[in-house]
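The values are calculated or read from the model by the stated rules, or taken from the named source; none is laboratory data. Nothing here was measured: the structure is a model prediction, and the numbers come from that model. FYI the Cβ positions are ideal-geometry reconstructions off the backbone, even for glycines, and counts take in every protein chain you see. Heavy atoms of the whole protein, side chains included, go into the accessibility calculation; ligands, DNA and RNA do not. Shrake-Rupley method; radii C 1.70, N 1.55, O 1.52, S 1.80 Å.
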Amino acid sequence: DSNGSGKSTLAMSTLWALSGSLDPRPMQDSKVVDIIHDSSKEAIVSVMGKVNSIPFEVIRTKKKNKSGLTFIFNGNDCSKQAVKDTQNSIEESLGVSSAILARTIFNGQHALNG
């Protein structure tokens with residue numbers, strides 16, 4: 001059941017910020033969810049947390065023709081020139097792959113729905 005309160009949006013935006021992955025489940029119209037809402041020009045998601053007491057922040061952005069990824073770890077900007085290289089830095093620093101993040105977020109989010 002869905003009440004439209006945004007539980008899935010929160011889980012999926014966190015997944016997208018940390019891994020660059022989208023919700024692979026097709027919507028009712030059989031299309032995969034698009035990041036940028038039709039009435040918007042840009043999507044921005046920021047996730048802050050700590051791993052082993054070390055603070056981090058990931059900021060992922062998407063415009064119609066441009067993507068960006070910023071990674072701050074322990075106060076240092078660990079962003080690379082290429083998004084793919086920054087993603088590798090995130091996974092290495094956080095100690096978890098994008099595939100594991102996707103499975104964890106999906107399992108946890110579905111458990112919330114009962």
- Going through region 59-79 in order, the residues found to be more than 14 Å from M48 (Cα to Cα) and surrounded by 15 or more Cβ atoms within 10 Å (Cβ to Cβ) are T61, K62, C78, S79
- Within region 44-85, the residues that are part of a helix (DSSP H, G or I) and farther than 20 Å from M12 by Cα are D85
- Selection within region 31-42 - over 18 Å from S98 (Cβ atoms) and open to solvent by 60 Å² or more (accessible area, probe 1.4 Å): K31, D34, H37, D38, S39, K41, E42
- Task: May I ask you to verify whether K62 is at pLDDT below 85 and touching a strand residue (DSSP E or B) at 6+ places or on another chain (Cβ under 7 Å)?
- Result: no
- Item | Residue pairs meeting the criteria (Cβ under 6 Å; at least 6 apart or on separate chains; first at negative phi, in region 50-66; second aromatic (F, W, Y) and assigned to a strand (DSSP E or B)) | F56/F73; V58/F71
- Query: What is the number of the single condition among (1) open to solvent by 40 Å² or more (accessible area, probe 1.4 Å); (2) of a type outside the set (D, E); (3) at pLDDT below 95 that V45 does not meet?
  - Reply: (1)
- For F56, the lone unmet condition from (1) modelled with pLDDT of 95 or more; (2) more than 17 Å from the chain's Cα centre (by Cα) is (2)
